[in-house]
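Before any comments, here is the structure.
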Amino acid sequence: MLSNMELVKELELKTIKAHINPHFIFNALNSIRALVDENPGRARTAITELSNILRSSMAADKVETVPLEKELGIVKDYLALEQIRFEERLDVKMQIDDNTLVYPVPPMMLQTLVENAIKHGISQDIKGGKIEIISTLNNNSHQLLIRNTGHLNGHASNEGFGISSTRNRLQLLYGDKASFNINDIDTNKVEAKVLLPLNA
């Protein structure tokens, strides 16, 4: 039988996960609609990408973690859909250490942070910008970095759902063994850094 603390933790995790629904769904559907006549093959692929994301979002409350490789698959589907909308305005770079692919991450966490980077960074600049996703092993931690063109403009102190849900989930799952920070690191670049314990 679960203790009161365990029940609270489980409820909080389910509440957080329940809110992780991609805000871009309507934009994606509009993009797909525009492709139906112009590029039917790409439209079919886009429908599959959107379906994968929605399926993962719905399944997120069934597990506490997934391998990074699976999470990256969802991120790639998400970015492929966003590139239909932004076209050449969205430049994506990934530096993924193959050794990190098997390590567990909270489901939809990376996707949420990438979505946050596009919403508050790329979409705010008429010229668009770049997103970098980096995964490395750093001492006794699995380090995930999401860097994007843009500025915080107070978003770190006035946290939106993407940032606050990341903090809450990491605290609930790992306590003080994990950390999350988001900062301006250049004149026009924001970095979100997640450190996860290798042995939770």
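The values are calculated or read from the model by the stated rules, or taken from the named source; none is laboratory data. Just so it is clear, the model here is predicted, and its values are computed rather than measured. Note: ideal-geometry Cβ built from the backbone for every residue, glycine included; neighbour counts use all protein chains shown. Side chains are part of the model used for accessible areas, which takes the heavy atoms of the whole protein and leaves out ligands, DNA and RNA. Shrake-Rupley method; radii C 1.70, N 1.55, O 1.52, S 1.80 Å.
Can you give me the convex hull volume of the Cα atoms of the chain, divided per residue and expressed in Å³?
126 Å³
Pick out which of VAL63, VAL114, VAL190 has the largest mean-square fluctuation in a Gaussian network model of the chain, springs linking Cα atoms closer than 10 Å.
Fluctuation is largest for VAL63.
Can you tell me the orientation of helix 161-174 relative to the chain, as the angle in degrees between its alpha-carbon axis and the longest Cα principal axis, to the nearest 10?
With rounding to tens, the tilt is 30 degrees.
Please report the carbon-and-sulfur percent of the accessible area for region 21-63; probe 1.4 Å, protein heavy atoms only, DNA, RNA and ligands left out.
57 percent
For the Cα atoms of the chain, what angle does the longest principal axis make with the long axis of helix 109-120, in degrees from 0 to 90, nearest 10?
Its long axis makes an angle of about 50 degrees.
Please compute the modelled spin-label separation between ASN181 and MET5, points set 7 Å along Cα→Cβ, answer in nm with one decimal.
Taking the simple label geometry, MET5 and ASN181 are separated by 2.8 nm.
Run the 1.4 Å probe and let me know the accessible area of HIS151, rounded to the nearest 10 Å².
Counting only protein heavy atoms, HIS151 exposes about 80 Å² to solvent.
By how many nm would the segment from LEU152 to ARG89 lengthen if fully extended, with 0.36 nm per residue of separation less the alpha-carbon distance?
The span from LEU152 to ARG89 would gain 20.7 nm if fully extended.
Where does region 116-200 land on Rg(C-alpha)/(2.2 N^0.38 Å)?
1.13
Whole number please: convex hull volume per residue of the Cα set in region 50-136, in Å³?
In region 50-136, the Cα convex hull volume per residue is 84 Å³.
Roughly what angle does helix 25-38 make with the longest principal axis of the chain, taking Cα atoms, 0 to 90 degrees, to the nearest 10?
Once rounded, one gets 30 degrees.
Grab the beta carbon distance between GLN171 and GLN124, set R0 = 30 Å, and tell me the FRET efficiency rounded to 0.05.
Efficiency, from the Cβ-Cβ distance: 0.55.
Loop-only check: which trypsin sites (Lys or Arg not before Pro) in region 105-150 are DSSP coil with at most 15 other Cβ within 10 angstrom?
Qualifying residues, ordered by number: LYS127.
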